Amino acid sequence: MSWYLAAPVAIPFVTAVLAFLLRNGPAGRWVSLAGSVALLVASGLLMAQVIEHGVIAGQMSNWEAPFGITLVADTLSAVMVVITAITGLATIVYGMGEIRPRIERLGYHALFHAMIAGVCGAFLTGDVFNLYVWFEVMLIASFGLLVIGGNKAQIDAGIKYVALNLVSTLAFLSGIGMLYGLTGTLNMADLHLAVQEVENQALVTVVAMLFMVGFGVKAAVFPLFFWLPAAYHTPSFSVSAVFAGLLTKVGVYALMRMFTLVFVGDVGFTHEILLWVSAATMLTGVLGAAAQSEFRKILSFHIISQIGYMTLGLALYTPLGLAGGVFYLVHHIIVKANLFLVAGVAQKAAGHNELARIGGLYKAAPFLGLLFIIPAFSLAGFPPLSGFWAKFVVVKASLELEYWFIAFVALLVGLLTIYSMTKIWAAAFWKPHPDGYEPKLSRIPPGDLWPMLLPIVALAVMTMIIGLFPEVFVQLAETAAVQLLDPTHYVETVLGEVAR
Amino acid sequence: MEIVVSILIGLLFATAVYLMLARNFLRFLFGLILLSNAANLVIFAAGRMTEGAPALIPYGALTPDGEIANALPQALVLTAIVIGFGLFAFALVLAFQAYRSLGTLDSDEMRVAEPREEIAGEARE
């Protein structure tokens, strides 16, 4: 059983080492691709195991929980690992067309896979301190990816990204210290039991707030998101796509995990904060996007506004709400990564990323227009695309609890999202190019173009499939939500007979 | 003993926050390393302090005799120190690189990625 759990962490690490050794030639690129495919296979096997057995757990080096490090996969973890593998593969394929050998020689593929290992590790671990370690693995690799190549804008963005993320990590670390002081354990399943026995529950809530701030910065929720729009438009498109798809979602995942498994003693207080934070996140994100005029900056602000929907699902704390949050996570990762990839092709075809300085893309490449429209409308929540169902479930869950205002904000933000998407559409695709320059896809060499278009098409098809057959995915999300809300099975699987 | 360490942690946190409020990125980094040491001490203190009882098991025995110090926080702190050291080294190199390519360490002056004059809808150079 442990092998299924360890493989999604081990495969990217092995790939990273091999890719680093082979970074000077084309072999590194192919190793990297092979590693991504292997990860996808391993994550599929893990998913199959989880569907068959429910929650599965493995004790590393056979140290019994709660003393050793436990890897656990419930439905949420398994889904997240699968989606990580999909995004990783899509980005690596895209990078075949985008990433230049100069960047590869600097160790691009090694950093990329080290980051993926960190992400998968964070999704699979059942130990709070181990979660911190995975966060760091992911962070330090992402620092490298952000500044690789080292142009001025990247360094500038790197400073802000590094500074704020390090602060959040330290909040998280202090939280771990205090939680350990209160309970004497670090295993999440054991914490679920131990936290209930702490006499001074107010202290637990204080520690919960440290965790909320730590994860909140990572997830880029209001008012802790400022590092994100400062950084995500500067690196290469492959890097910003994988950042946009995965990194903030690790924060959301950690929030979902800790605030359903450990910090549930005072839901009326903690989740009420999350609720209003979510509403503010949705609104500020979408309004920030409306003020921007650069392709990737608009998309970056939309990440923030969409994060609000996911944390809203958690804040509602009902089976339907959490199911909506999980569904939203999956939908969002696919759609958002795809939009950044499209932005890359648009930039290469039209010569710039500033909306005022490009245009005429629809005339030049109607197919690219279609590929933009699918994820863009999905993001805004048009039926029958995946975003519609994601929003539908979250809004329905908030209406069921009679949070009229929150539901109103969620719908309004959907409307404003269309505004931003039409802005990109009108400026980049419809209006003629301001400099009289003919944008052409044929400006990109075919050897570069096809690896770039292939993942875009694949991700767009996935969005359509989720949109057309939502039952399967909603059911999966509901299973995940039920497991989150009732962690008995999770705790018993991890602790075995020790569970009281 | 815990009281003394707690006060020390409080002082470290306060100094760190003060330094991190500075606009100079280097001062911010010094604040950060103080903060990371404070966080490490939090873990150390949270594991309870036992004086003069090293976490050693006598040769041949399977369990220690009597009360010994908690070894887990030491392992955690060691891990955190190593990670913190790596991150700090990276941040320091980044600061140096920023100074070389941007010519400043004042975070208010770092506007390459987000130009000040940028107004929605207007082209920028």
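The values are calculated or read from the model by the stated rules, or taken from the named source; none is laboratory data. Keep in mind that what you see is a predicted model, and the values were worked out from it rather than measured. When we count neighbours, we look across all protein chains shown, and the Cβ atoms used for this are built from the backbone with ideal geometry, even at glycine.
Among the listed residues A:Thr248, A:Thr260, which satisfies the condition of being within 26 Å of A:Leu401 (Cα to Cα), part of a helix (DSSP H, G or I) and of a type outside the set (A, V, I, L, M)? When all the criteria are applied, what remains is A:Thr260.
The set of residues in the stretch A:115-130 that are over 16 Å from the mean Cα position of the chain (by Cα) and outside any loop (DSSP other than H, G, I, E, B) comprises A:Thr125, A:Asp127, A:Val128, A:Phe129, A:Asn130. Listed by first and then second residue, the pairs with beta-carbon distance under 6 Å, at least 6 apart or on different chains, first residue in the stretch B:10-24 and more than 13 Å from B:Asn37 (Cα to Cα), second among the small types (Gly, Ala, Ser) and modelled with pLDDT under 95, are B:Leu19/B:Gly31; B:Met20/B:Gly31; B:Arg23/B:Ser107. Please tell me if A:Phe222 is surrounded by fewer than 24 Cβ atoms within 10 Å (Cβ to Cβ), out of contact with any strand residue (DSSP E or B) (no Cβ under 9 Å at 6 or more places or on another chain), in contact (Cβ under 8 Å) with a residue 12 or more places away in the chain and part of a helix (DSSP H, G or I). It is false that A:Phe222 is surrounded by fewer than 24 Cβ atoms within 10 Å (Cβ to Cβ), out of contact with any strand residue (DSSP E or B) (no Cβ under 9 Å at 6 or more places or on another chain), in contact (Cβ under 8 Å) with a residue 12 or more places away in the chain and part of a helix (DSSP H, G or I). Residue selection: A:Leu379 fails the criterion of being surrounded by 24 or more Cβ atoms within 10 Å (Cβ to Cβ) and at pLDDT 90 or above.
So is B:Pro54 of a type outside the set (Phe, Trp, Tyr) and either surrounded by 14 or more Cβ atoms within 10 Å (Cβ to Cβ) or within 10 Å of chain A (Cβ to nearest Cβ) (or both) or not? Full working, then the answer.
On the way: of a type outside the set (Phe, Trp, Tyr): yes; either surrounded by 14 or more Cβ atoms within 10 Å (Cβ to Cβ) or within 10 Å of chain A (Cβ to nearest Cβ) (or both): no.
Criteria not met by B:Pro54.
The residues in the stretch A:226-245 that are assigned to a loop (DSSP other than H, G, I, E, B) and either touching a Cys at 6+ places or on another chain (Cβ under 6 Å) or more than 14 Å from chain B (Cβ to nearest Cβ) (or both) can be counted, and the count is 1.
All told, A:Gly447 meets the bar of being touching a residue at least 12 places away in the same chain (Cβ under 8 Å), of a type in the set (Gly, Ala, Ser) and more than 17 Å from A:Pro375 (Cα to Cα). Among residues of the stretch B:53-64 that are at pLDDT below 85, those with a Cβ under 6 angstrom from a residue that is hydrophobic (A, V, I, L, M, F, W, C), sequence gap 6+ or separate chain, pair up as B:Ala53/B:Ile68; B:Ala53/B:Ala69; B:Ala55/B:Ile68; B:Ala55/B:Ala69; B:Ala55/B:Ala71; B:Pro64/B:Ile57. Each residue in the stretch A:155-164 was checked for being more than 8 Å from chain B (Cβ to nearest Cβ) and surrounded by 24 or more Cβ atoms within 10 Å (Cβ to Cβ), and 1 of them qualify.
Screening A:Leu320, A:Leu329 for residues that are surrounded by fewer than 24 Cβ atoms within 10 Å (Cβ to Cβ), out of contact with any His (no Cβ under 6 Å at 6 or more places or on another chain) and farther than 30 Å from A:Ile358 by Cβ leaves exactly one candidate, A:Leu320.
Close Cβ contacts (under 7 Å, 6 or more residues apart or on different chains) running from residues in the stretch A:124-145 that are under 18 Å from B:Phe90 (Cα atoms) and small (Gly, Ala, Ser) to residues that are modelled with pLDDT of 90 or more and part of a helix (DSSP H, G or I) comprise A:Ala141/A:Leu111; A:Ala141/A:Ala114; A:Ala141/A:Met115; A:Ala141/A:Gly118; A:Ser142/A:Met115; A:Ser142/A:Phe243; A:Ser142/A:Leu247; A:Gly144/A:Leu111. The one condition from (1) in contact (Cβ under 8 Å) with a residue 60 or more places away in the chain; (2) of a type outside the set (Phe, Trp, Tyr); (3) closer than 24 Å to A:Asn130 by Cβ that B:Gln74 does not meet is (1). Against the conditions (1) touching a strand residue (DSSP E or B) at 6+ places or on another chain (Cβ under 9 Å); (2) outside any helix (DSSP H, G or I), where does A:Gly149 fall short? Just the number, please. In the conditions (1) touching a strand residue (DSSP E or B) at 6+ places or on another chain (Cβ under 9 Å); (2) outside any helix (DSSP H, G or I), A:Gly149 misses (1) alone.
For the stretch B:78-88, filtered to residues that are farther than 18 Å from A:Ile159 by Cα and facing another protein chain (nearest Cβ under 9 Å), the residue that is farthest from the chain's Cα centre (by Cα) is B:Thr79.
From the list A:Ala171, A:Ala189, the one residue that fits, being part of a helix (DSSP H, G or I) and within 14 Å of another protein chain (Cβ to nearest Cβ), is A:Ala171. Does A:Glu104 fit the bill of being away from every other protein chain (no Cβ under 14 Å), part of a helix (DSSP H, G or I), more than 16 Å from the chain's Cα centre (by Cα) and without any contact (Cβ under 8 Å) to a residue 24 or more places away in the chain? No: the conditions fail for A:Glu104. Reported count of residues in the stretch B:53-95, each being among the β-branched types (Val, Ile, Thr) and in a helix (DSSP H, G or I), is 6. Here the condition is being modelled with pLDDT under 90, over 22 Å from A:Thr463 (Cβ atoms), surrounded by fewer than 24 Cβ atoms within 10 Å (Cβ to Cβ) and away from every other protein chain (no Cβ under 14 Å); of A:Gly360, A:Gly351, it holds for A:Gly360 alone. Of the residues making up the stretch A:280-297, those that are surrounded by fewer than 24 Cβ atoms within 10 Å (Cβ to Cβ) and either among the aliphatic types (A, V, I, L, M) or not in a helix (DSSP H, G or I) (or both) are A:Ala280, A:Leu283, A:Leu287, A:Ala290, A:Ala291, A:Gln292, A:Ser293, A:Glu294.
Within the stretch A:477-484, the presence of a residue that is aliphatic (A, V, I, L, M), over 21 Å from the mean Cα position of the chain (by Cα) and under 22 Å from A:Lys336 (Cα atoms) is excluded. Of everything listed in (1) in contact with a Lys or Arg (Cβ under 7 Å, 6 or more places away or on another chain); (2) buried (at least 20 other Cβ atoms within 10 Å of the Cβ), the single unmet condition for A:Val79 is (1).
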